[in-house]
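The values are calculated or read from the model by the stated rules, or taken from the named source; none is laboratory data. Here the structure is a predicted model, which means the values were calculated and not measured. Every residue, glycine among them, receives a Cβ derived from its backbone with ideal geometry; neighbour counts consider all protein chains shown.
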Amino acid sequence: MVIKGLFQSNPVKTTHDDWFSRKKTWEDIQEYIPRDTTIIEACMLNSVSNSPIYLQELGFEVEWNVNEDILTTQKRDGLVVTNIPFSLKKEVFSHLKNIDQPFIILAPSTCLHTKYFNEIFKNDKIQLIIPSMKFTADFFPVS
């Protein structure tokens, strides 16, 4: 299945690993994304996400590679701006912290209360953007 794991036997109880963001999501936070640096959409491995195109349409210089695994990348010039796969939150946060890569990540607020998040960022100052609505994926209808 192309969208592996999204809807297995019970779509209500299945953990979704969706990391596709609507253009509106990027529009809603664009004022917080610096325009004087290259944006790296780093979660594009084997992806068909339109996020890098949406960011380009908003006027950002964006780099991405559908053959690159964020968990094996080295630090790069620029700012990682992405919506990470839910199942890899811990690994992605840890890797970006370890390579000292600046980032803006779309993630559910519940991860702030996890043990792993607090261990990874225990001595760091984290800046949060809390939207007034839930961000939804490209292929899920907004209700």
If I filter the range 89-128 down to residues being in a helix (DSSP H, G or I) and among the hydroxyl-bearing types (Ser, Thr, Tyr), which single residue comes out as surrounded by the most Cβ atoms within 10 Å (Cβ to Cβ)? Ser94
Which members of the range 77-94 meet the condition of being touching an Asp or Glu at 6+ places or on another chain (Cβ under 7 Å) and of a type outside the set (Gly, Ala, Ser)? Val81, Thr82, Pro85, Phe86
Scan the range 54-62 and tell me whether some residue there is in contact with a helix residue (DSSP H, G or I) (Cβ under 9 Å, 6 or more places away or on another chain), part of a helix (DSSP H, G or I) and crowded, with 18+ Cβ neighbours inside 10 Å. yes
Can you tell me which residue in the range 68-88 is nearest to Ile40 (Cα to Cα), limited to those that are of a type in the set (Val, Ile, Thr) and assigned to a helix (DSSP H, G or I)? Ile70
Which members of the range 1-58 meet the condition of being of a type in the set (Ser, Thr, Tyr), at pLDDT below 90 and touching a strand residue (DSSP E or B) at 6+ places or on another chain (Cβ under 9 Å)? Ser21, Thr25, Ser49
Kindly establish whether Ile99 is under 20 Å from Glu41 (Cα atoms) and touching a Lys or Arg at 6+ places or on another chain (Cβ under 6 Å). yes
Here are the criteria: (1) under 22 Å from Arg22 (Cα atoms); (2) modelled with pLDDT under 95. Tell me which single one Asn123 does not satisfy. (1)
